[in-house]
Amino acid sequence: MQSIRDLLCSQFSAFKSDKRLVVAYSGGLDSHVLLHGLTALRNSIPDAFGLEALHIHHGVNPQADLWVTHCQSVCDLLEVPLTVSYVQCDTSQASLENQLRNARYQAFSEFLRADDVLVLAHHGDDQAETLLLRTLRGAGPQGLSGMPVERSLGQGHLARPLLNIGRADLQAYAQQSQLNWVEDDSNADTVFDRNFLRHEVMPQLAQRWPHYRASFLRNAQVAKDARQSLDYFLTRELQPQMDQHQGGLSCSWLAGYAPAVQINLLRAWLNQCGLPLPGYRHLQQVLNEVVNARVDAQPLVNWPGVEVRRFRGAVWAMKPLLEHDAKARFTWNLEQDLVLPGAGVLSIAADADGDFYVPSGSVITVAFRQGGERCKVVGHAHSTLLKKLLNSVQLAPWLRDRLPLIYVDGELAALGDVAVCDGFHRQQGRQGYVLHWLRP
């Protein structure tokens with residue numbers, strides 16, 4: 001097994017001064033070893049990478065302020081700039097462990113600049129614990145691949161250079177280097193699942209199967225290879241469908257595959273969309289309640305960060321829509337894009353072939369459906385209630401209350417970029433415009 005110094009050297013020695021490494025530094029043993037090792041590497045090579053430390057102050061532990069003081073003194077000694085990020089969590093919630101993790105990664109993401117590398121001190125024992133936790137929670141192929149060695153995060157990247165090193169190796173390094181670190185007493189609290197595994201389960205596994213950690217890591221690599229191979233073939237199937245349906249998937253197309261393949265197609269599709277992946281139960285729910293829903297149904301399946309719906313025979317996935325004030329009204333000078341909170345962005349551009357006409361000097365206002373609005377679309381014999389008109393156009397039901405209605409001198413002139421009302425269609429010799437509504 002490589003030494004910690006050799007591992008860090010093999011991964012970061014080629015990084016030059018234009019690259020910034022940011023160590024997620026808690027003040028504990030693992031991150032102290034990582035920071036110390038990277039500092040030694042930085043000091044040993046000319047024109048080395050920039051090195052900084054980022055400490056997340058959760059405010060949960062009574063010792064949190066003392067930890068900041070400790071981290072600052074260590075960073076001063078190592079000549080590493082330290083930034084402290086203060087986050088808040090609701091300690092009354094049962095999901096505190098997940099809250100703390102989500103808050104940390106949000107702070108990490110916000111801190112990183114383009115091409116920065118956030119370096120985490122997760123090691124082989126952490127990986128084994130993660131794999132066992134995910135197995136107990138029924139994770140799929142991606143979860144059983146374990147924590148990735150690297151991935152994108154915010155504007156930068158995340159790296160875990162110590163995943164092939166065990167906790168005992170870190171302790172030996174720390175003792176040999178005479179490092180001082182803080183101990184978080186919550187790490188001994190077996191109310192948390194990870195701590196229970198670490199203190200109650202893993203020692204017994206080690207007694208019966210001394211090499212269990214190596215087996216876990218090998219299985220994670222096998223799962224990763226299998227997942228990447230599967231994703232390669234799934235993507236080849238998915239991409240033409242996503243291109244044809246503007247990111248959605250045809251329900252009838254999905255139904256042509258066996259249920260197990262449908263589940264994997266849904267997982268790969270959500271991953272392609274850049275959305276948080278759910279567990280198997282939610283994927284099965286999407287299959288049963290959305291893909292196989294009645295033609296006239298408007299189902300919704302959601303989990304944190306994702307909503308999945310059905311419209312016109314296709315399944316759609318998106319981030320949850322932001323709050324929207326349906327009574328809001330806006331004045332638009334047409335000289336710049338109009339941001340509509342929770343309802344997207346309106347823009348307009350002069351175009352000789354544009355079908356929208358605005359009389360010079362008109363007052364433009366934008367509002368939303370209140371009920372009873374009518375529009376006579378160009379080419380139609382009569383005006384139509386907006387509610388009825390929207391049933392005949394390709395606009396998803398969950399967007400209809402957010403459709404921006406454009407009024408010219410108080411008269412309804414256009415429905416976003418969906419339709420232009422009679423009287424505001426460009427005629428010969430007039431300046432035309434193209435409207436564009438960026439959906440929320």
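The values are calculated or read from the model by the stated rules, or taken from the named source; none is laboratory data. Since we're looking at a predicted model, the values are computed, not measured. Cβ coordinates were reconstructed from backbone atoms using ideal geometry, including for glycine residues, and neighbour counts include every protein chain displayed.
Values for this structure:
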read-out: Only listed residue being surrounded by 12 or more Cβ atoms within 10 Å (Cβ to Cβ) and of a type outside the set (S, T, N, Q), chosen from Phe233, Phe216; value: Phe216
read-out: Among (1) farther than 30 Å from Leu205 by Cα; (2) buried (at least 21 other Cβ atoms within 10 Å of the Cβ), the one test that Glu110 misses; value: (2)
read-out: Residue check for Leu270: part of a helix (DSSP H, G or I), farther than 23 Å from Leu438 by Cα and hydrophobic (A, V, I, L, M, F, W, C); value: no
read-out: Scope region 372-404; condition β-branched (Val, Ile, Thr), more than 20 Å from Tyr357 (Cβ to Cβ) and modelled with pLDDT of 80 or more; matching residues; value: Thr384
read-out: Filtered residue count, region 275-285, keeping only those that are touching a helix residue (DSSP H, G or I) at 6+ places or on another chain (Cβ under 6 Å) and modelled with pLDDT of 90 or more; value: 1
read-out: Every residue from region 386-423 that is in a loop (DSSP other than H, G, I, E, B) and in contact with an Asp or Glu (Cβ under 8 Å, 6 or more places away or on another chain); value: Gly423
read-out: In region 350-366, residue nearest to Val408 (Cα to Cα) [restricted to those that are modelled with pLDDT of 90 or more and outside any loop (DSSP other than H, G, I, E, B)]; value: Ile364
read-out: Test set (1) within 23 Å of Asn391 (Cβ to Cβ); (2) touching a strand residue (DSSP E or B) at 6+ places or on another chain (Cβ under 7 Å); (3) assigned by TED's automatic domain parsing to the domain that holds Leu266 - Val286 fails condition number; value: (1)
read-out: Test set (1) surrounded by 13 or more Cβ atoms within 10 Å (Cβ to Cβ); (2) under 33 Å from the mean Cα position of the chain (by Cα); (3) outside the structural domain of Asn271 (by TED's automatic domain parsing); (4) at pLDDT 85 or above - Ala314 fails condition number; value: (3)
read-out: Region 333-346: number of residues that are surrounded by 12 or more Cβ atoms within 10 Å (Cβ to Cβ) and either outside the structural domain of Ser362 (by TED's automatic domain parsing) or in a loop (DSSP other than H, G, I, E, B) (or both); value: 5
read-out: Residue tally, condition touching a strand residue (DSSP E or B) at 6+ places or on another chain (Cβ under 9 Å) and in a strand (DSSP E or B), over region 295-332; value: 16
read-out: Residues satisfying the stated conditions in region 167-192, i.e. assigned to a helix (DSSP H, G or I) and over 14 Å from His36 (Cβ atoms); value: Arg167, Ala168, Asp185, Ser186, Asn187, Ala188
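Each row is one residue, and each column tells you yes or no for (1) modelled with pLDDT under 90; (2) in the same structural domain as Gly166 (by TED's automatic domain parsing); (3) of a type in the set (Ser, Thr, Tyr).
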| site | (1), (2), (3) |
| --- | --- |
| Gln11 | no, yes, no |
| Leu35 | no, yes, no |
| Thr39 | no, yes, yes |
| Asp65 | no, yes, no |
| Cys71 | no, yes, no |
| Gln93 | yes, yes, no |
| Glu97 | yes, yes, no |
| Asn102 | yes, yes, no |
